[in-house]
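Q: Let me give you the structure first, and then I'll get to my questions.
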Amino acid sequence: MEFDHVLRIIGEFGPHQRRLYALLNLSLIPAAFQLLLQVFVGAEPKWICLNSASNETCPRNKSHCSEVQYTSEFTSIVTEWNLICENAYKVDLVQSVLMAGTLVGAVILGALADKCGRRKIWYISFTGLVIFGFASSFAPTYRIYALLRFLTGFWIGGEILSAFVLATELIGPSYRGFAGTMAQCFFTSGLLILPIVAYLIRDWRTLSVLLSLPFYVFILFFRIVPESARWLIIRGRLAEAEDILSSIARKNGIAVPKILLQVSRPLSVVGNRYGCLDLLSNLKIAKITIVLFYLWFVNTLVYYGLSLNTKHLGGDIYKNFFLSSLMEVPAYLTSVCLINWVGRRRSLCYYMVIGGTACLTCLFFQTGTKPVYRVLTTVFAMIGKFGISASFAVIYIYSAELLPTVVRNVGMGVCSMASRIGGICSPFVVFLGIYTRPLPMMIFGMCSFAAGLLSLVLPETLNKPLPESLEETGFEGVEGLLYEQLEMEQFTHEMEFNNEAFQANDSDFDDDIKTKAENMAVKQSVLVLVFASFLVPQSRAYLDEERKKEIEKERKKGRKEGRKKERKKERKKERDKERKKERDRKKERKKETERKKERKKETERKKERESATKIIDELIHNVANGLAGKDKCASRDLPGDCSITGDCSQITCSTNYGGKTSTLKVTINRCDEPVTVTINVKVKEDDVDWTHVFTSGDKLAVPGLSIKVQNVIKAGLFIKTTIEPKDNILTLKVALEGGAKLGSVSLFPGLTLIEQELPLSTDYCGDLKQMLVVVPKK
């Protein structure tokens, strides 16, 4: 009894197998994140070359821009390390390095999975994927980042391959197609989440951390996944296989049959070690391997190419990527029904031809500039993604069913290697769109269309048990199709031959069938070449015309932006000039106002000076006239507001000006006392007194006496009194000195109030009195 019959007994897709299946496929979500994270991490935002005269984006001659201003609101490795102009290829190079890592990982880890076990390699690969994906977000330089992406891709190659093989070998043949397709839905769910998270997180380092760090928790749950029972039986570890199968049956609620070990034991005879060369050990398995190699190469080339090419479709990159990923959901759902209805082979052919035709149709719309052409380009690009995604789901199941158990993991590793080669090439095919926009879609369409026709040479595996050894590998291919296309009458006529004649002619009949198959393949290839020869010249003309339009459009846009900037600068200069004129006018008005105030103050000061001078003249005149009398002082007619005592010992004069009173008082004491002269000046309620004391005697020995009293009137005015005896002549001087002010009026220094000379006699007091009352000189 074969192993698939054992799975039917214990449950082909029971509850426990569904739980294990879900855990295995959950590991595909971080793999999806890392495989296409470069779409957003390597996105090129809008930027302006500051050292370019035209301020355009990178010129077509790839001249270097030393000063760049990015105008978009997200960051990427492009903004981090200025991967523009001649360094633009490095962005796509990182994706190719990642795919190169998956290629190496698929080969090395695929072979190790056959030798060491599926579960161990899968668990180690998932751990490495999470660790190096997380480390990539902290790369300080471009080279270190590229190295970390290579190591991330290395573990992705082993993780995806081991998870798919492990899940396939746990499930019975009736549910294998459904399970294989639904595995792709888990991968697609990761692709649908990716643009949403990238839209919310615009910093590339933070985005890389958030898409890696949470999956550390899953490492703890994945330990419950058992090893593949099929692999254990092939390796002769029957006891472990029996325990795992018994556990699955028990958790599915099915009693374990006693004959389980007996029916499984014959599988152990094939427990030999097989390598990559065994895939070419006979003609049948070699044909399958070569065709699958090309199909996987084209599938991955077109699948990742269409995903990466969303940035060239126009519009929002997040929306385009989400729609592109969303098309995978109906693709996988329809493929589940179609592979069980028309078979694996025809389903693969139909989907790849549909995808290739849709991509080729885009060539007729990419050259247009109208908005409707852009919409149609996006629509047919989504149809192409639908076809290639569905074919991707089919080819996973188809390849696992075509390859025998002994080389299944090695064969899937080789197929994965072919797919990674396609993944390595896809970024560079997309990069060609910078030079000729429709060229990537033309390459994708022609490769997909040819691969769909080539898939018809493979045998059908619908409702057939998995081959366990190389000898069990069947090959129908085009021969099966030709049998269906032969007329029933001719087929019946040939079957009437006897056994010996039939055997004699069997080889000739096979040769005829193969000749017809080859002729059919040649005709199909010729049709493809004719179709391509028709499209290439037309596409080239469209491409050249489109390129010219794009160049002219960029030039017009640059000129328009340049004129707009010039007008903006001119308006700014005019506004600055107006502001400067307004500031100058304000300053001039302010200065004029200050000048008017100063002239007004000067006029007032002049009036005050004239008034003060008049007041001082009247004051001095009154004092002088008051002192002139001796005998009849009381009856002397004094000018102004002056008064004198009867003995002429005190004279007081005052003058009013502007509501202010200025008073000068001179007092002479009696001669029987020491001579005392008191002069009081009162202005603004300030009184200042000073006294001269003179001593009488036979001989006058009085030096020059100077008494200085400040702030008598205001700001330093003082009255200086000097008595000088010389040659028996007594000279008395009373003068105003200092730069005093009366109000705001300046008084000139050196204004003499009294100046008298008198010969000295023995009657010093009388002489002094006589001197004081003499009218002073003016």
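The values are calculated or read from the model by the stated rules, or taken from the named source; none is laboratory data. Keep in mind it's a predicted model, so treat the numbers as computed, not measured. Reconstructed Cβ throughout: ideal geometry from the backbone, glycine too, with neighbour counts over all protein chains shown.
Q: Which residue, of E552, E578, is modelled with pLDDT under 85, part of a helix (DSSP H, G or I) and out of contact with any Lys or Arg (no Cβ under 8 Å at 6 or more places or on another chain)?
A: After ruling out the rest, the residue left standing is E552.
Q: Find the helices (runs of 4 or more DSSP H) located wholly in the range 1-51 whose residues include 1 or more that are closer than 30 Å to I317 by Cβ and among the small types (G, A, S), and list them.
A: Output list reads 28-36.
Rundown of residues vs (1) at pLDDT 80 or above; (2) surrounded by 13 or more Cβ atoms within 10 Å (Cβ to Cβ); (3) not small (G, A, S), yes/no style:
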{"position": "R223", "(1), (2), (3)": "no, no, yes"}
{"position": "R230", "(1), (2), (3)": "yes, yes, yes"}
{"position": "L238", "(1), (2), (3)": "yes, yes, yes"}
{"position": "I244", "(1), (2), (3)": "yes, yes, yes"}
{"position": "P257", "(1), (2), (3)": "no, yes, yes"}
{"position": "L267", "(1), (2), (3)": "no, yes, yes"}
{"position": "V270", "(1), (2), (3)": "no, yes, yes"}
{"position": "D278", "(1), (2), (3)": "no, yes, yes"}
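Q: Does the range 76-111 hold any residues that are at pLDDT below 85, surrounded by fewer than 20 Cβ atoms within 10 Å (Cβ to Cβ) and β-branched (V, I, T), and which are they?
A: Of everything in the range 76-111, just one residue is at pLDDT below 85, surrounded by fewer than 20 Cβ atoms within 10 Å (Cβ to Cβ) and β-branched (V, I, T), namely T79.
Q: Mind listing just one residue for me: the one in the range 441-471 that is of a type in the set (S, T, N, Q) and over 18 Å from N340 (Cα atoms) and, of those, nearest to the chain's Cα centre (by Cα)?
A: So the residue we want is S448.
Q: Same structure again: Closer than 20 Å to I421 by Cα and surrounded by fewer than 22 Cβ atoms within 10 Å (Cβ to Cβ) - does that describe any residue in the range 115-137?
A: no
Q: Would you please name the residue that is nearest to M182 (Cα to Cα), looking only at residues in the range 320-349 that are under 43 Å from the mean Cα position of the chain (by Cα) and of a type in the set (F, W, Y)?
A: Selected residue: Y332.
Q: Out of G153, G253, report the one residue that is at pLDDT below 90 and not hydrophobic (A, V, I, L, M, F, W, C).
A: None of the other options fit; the residue is G253.
Q: Which residues, counting only those in the range 126-148, are free of Cβ contacts under 8 Å to residues at least 60 places away in the same chain and closer than 14 Å to L35 by Cβ?
A: Listed by number, the list holds a single entry, F132.
Q: Which ones in the range 107-125 are in contact (Cβ under 8 Å) with a residue 40 or more places away in the chain and either more than 15 Å from E227 (Cβ to Cβ) or among the β-branched types (V, I, T) (or both)?
A: If the condition is that a residue be in contact (Cβ under 8 Å) with a residue 40 or more places away in the chain and either more than 15 Å from E227 (Cβ to Cβ) or among the β-branched types (V, I, T) (or both), then V107, I108, L109, G110, A111, I121 are the ones that fit.
Q: Sticking with this one: Just to be sure, is G433 buried (at least 23 other Cβ atoms within 10 Å of the Cβ) and either modelled with pLDDT of 75 or more or outside the structural domain of V406 (by the TED database) (or both)?
A: Answer is no for this residue.
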